[in-house]
Amino acid sequence: MRPSGTERLLTAHRSTENAASPLHGSPAQRGGVFLLDPSKRCEPSAYLFTRAVTFFLANGYTLAGNIDESDIILVNSCCVTEDKIASSRAALAFAAERAQGKRLVLFGCMAGLPLTDLKQEGLIRIGPGDLAELGRHFPHEVPVDRVAVHRLPPAFYEPGQGLGHQDYFVMIAQGCSNRCSYCNIRRVKGRVRSRPAEAILAEIQAGIALGAESFVLLADDCGSYGHDRGTDLASLLEGLGAAGEGFRVKLGYLFPRFVLSHFDRLRKVFETGRIAYVNIPVQSGSQRILDLMNRRYAAGEVRDAVRRLQAAAPQTRFCTHIMVNFPTESEGDFLESLAIADAFETVLFLNYSDNRGTAAAGLFPKVGEREARRRLDMASDYVNRRGRGSGAVISDFDCDLPYNLSREARD
């Protein structure tokens, strides 16, 4: 079976990794794996899926360009919204119809949800915290924990705010200490599970030795790091100086309450110039909405803290996420969100979508369709006035083009 384009791409990516990596071995040839991946805009998902695919390649499997020629079907999945769950289900149904005589694997976040209808005979479910289970189901010489992945190939990852294919990704934790009322992460991944600081530091040092200069500390919430180990993100960042010089760090997601509770220590780290990018997802400028989201911090205090960090670290790019059309959101609530967006260089506006089983799904009234569209239009006008590169409006996680750009094209 000839290598697929994705396989050649991954091979090129692996050539930039440590030459001592087990991926450079020559294991016996095994079956072909066909990939279905409806989740390409989430860094943790892309990282874990890349590791899973690389596990197969490291152990002599090939990537099949045609599902009918495959022996294994690997379906990545997402559960960030009901729409993403629906697209993941559709991919799984497509695979199941063609899985006779093959092994079918549901991978990723939807595999971790307690959905009883997914317990179909023969389906292998591998959730985000269960990568080692691949070794139980598939013959191998190289175990998952020896598979090194640091860059996310374009085939599996569409970059968003401030992060890209050139970055060197280092997973520091999975899971979350927070209990946001709309989110599935804790339901899927549970409490935070952090890696030892020594292992993270060693991984960064290895990357520096390979010439990497831009490192992404990857987690569902970087602010949750260390809660299970009696430490915290500030301590991890303070210790990175031991890795050497000439590199910078990006923080993919930093819960605002952590910024407030550790502000003085974080400011000292930011003053070093080492932090190139940070995403502090404020989610709303309305205190009433934040309370309904179960995000326990004061919006005004976050805005002021961000401005003080910007003064201390003018070379750092500060980004945020803001959710639009959360249940019961009023016009005034929405305008407060537009106002707090001014504190950030880049803003990603996300249209709210119910997740069944979350507390937010039971909140009423919902924002009506016409009013929801009007607010997305207002957010688009806001982003477009600020100029390209300053943000985006996402109405649907499956969209090919951000809503603000499609609106600009329509106008």
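The values are calculated or read from the model by the stated rules, or taken from the named source; none is laboratory data. In this text, all values refer to a predicted model and were calculated from it rather than measured experimentally. In this analysis, Cβ positions are derived from the backbone assuming ideal geometry, glycine residues included, and neighbour counts consider all displayed protein chains.
Do we have any residue at all in segment 166-174 that's over 14 Å from the mean Cα position of the chain (by Cα) and closer than 22 Å to Gly127 by Cβ? No, every residue in segment 166-174 fails to be over 14 Å from the mean Cα position of the chain (by Cα) and closer than 22 Å to Gly127 by Cβ. As a summary of the residue check, Arg41 satisfies the conditions (1) in contact with a Lys or Arg (Cβ under 9 Å, 6 or more places away or on another chain); (2) charged (D, E, K, R); (3) assigned to a loop (DSSP other than H, G, I, E, B) except for the one numbered (1). Just so you know, in segment 143-161 the residues that are closer than 20 Å to Ala199 by Cα, out of contact with any Phe, Trp or Tyr (no Cβ under 7 Å at 6 or more places or on another chain) and not in a helix (DSSP H, G or I) include one that is modelled with the lowest pLDDT, and it is Ala148.
The rows are residues; the columns are (1) under 21 Å from Ala392 (Cα atoms); (2) touching a Phe, Trp or Tyr at 6+ places or on another chain (Cβ under 7 Å); (3) aliphatic (A, V, I, L, M).
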residue	(1), (2), (3)
Arg288	no, no, no
Tyr297	no, no, no
Ala305	no, yes, yes
Thr316	yes, yes, no
Pro327	no, yes, no
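Here the condition is being surrounded by 20 or more Cβ atoms within 10 Å (Cβ to Cβ) and not aromatic (Phe, Trp, Tyr); of Asp145, Asp130, Asp167, it holds for Asp167 alone.
Can you find even one residue in segment 50-67 that is at pLDDT 95 or above, over 23 Å from the mean Cα position of the chain (by Cα), among the hydrophobic types (A, V, I, L, M, F, W, C) and under 27 Å from Ile185 (Cα atoms)? No, because not a single residue in segment 50-67 is at pLDDT 95 or above, over 23 Å from the mean Cα position of the chain (by Cα), among the hydrophobic types (A, V, I, L, M, F, W, C) and under 27 Å from Ile185 (Cα atoms).
Of everything in segment 251-265 that's touching a residue at least 40 places away in the same chain (Cβ under 8 Å) and farther than 21 Å from Glu43 by Cα, which residue is surrounded by the most Cβ atoms within 10 Å (Cβ to Cβ)?
Looking at residues that are touching a residue at least 40 places away in the same chain (Cβ under 8 Å) and farther than 21 Å from Glu43 by Cα, I get Val259.
Could you tell me whether Gly273 is assigned to a loop (DSSP other than H, G, I, E, B) and on the phi > 0 side of the Ramachandran plot? When the stated conditions are applied, Gly273 passes them. Consider only pairs whose beta carbons are under 6 Å apart and that are at least six residues apart or on different chains; among these, list those whose first residue lies in segment 174-187 and is among the hydroxyl-bearing types (Ser, Thr, Tyr) and whose second residue is assigned to a loop (DSSP other than H, G, I, E, B). Listed by first residue and then by second, the contacts come to Ser177/Val192; Ser177/His227; Ser181/Met293; Ser181/Asn294; Ser181/Ala359; Tyr182/Thr358.
Within segment 204-218, the set of residues being part of a helix (DSSP H, G or I) and surrounded by fewer than 20 Cβ atoms within 10 Å (Cβ to Cβ) comprises Gln205, Ala206, Ile208, Ala209.
Could you check, for segment 93-108, whether at least one of its residues is at pLDDT below 90, outside the structural domain of Glu213 (by TED's automatic domain parsing), in contact with a strand residue (DSSP E or B) (Cβ under 9 Å, 6 or more places away or on another chain) and surrounded by fewer than 20 Cβ atoms within 10 Å (Cβ to Cβ)? No, the conditions are met nowhere in segment 93-108.
For segment 100-134, the candidate set comprises residues that are more than 27 Å from Asp68 (Cβ to Cβ) and of a type outside the set (A, V, I, L, M, F, W, C); within that set, the residue that is farthest from the chain's Cα centre (by Cα) is Thr116.
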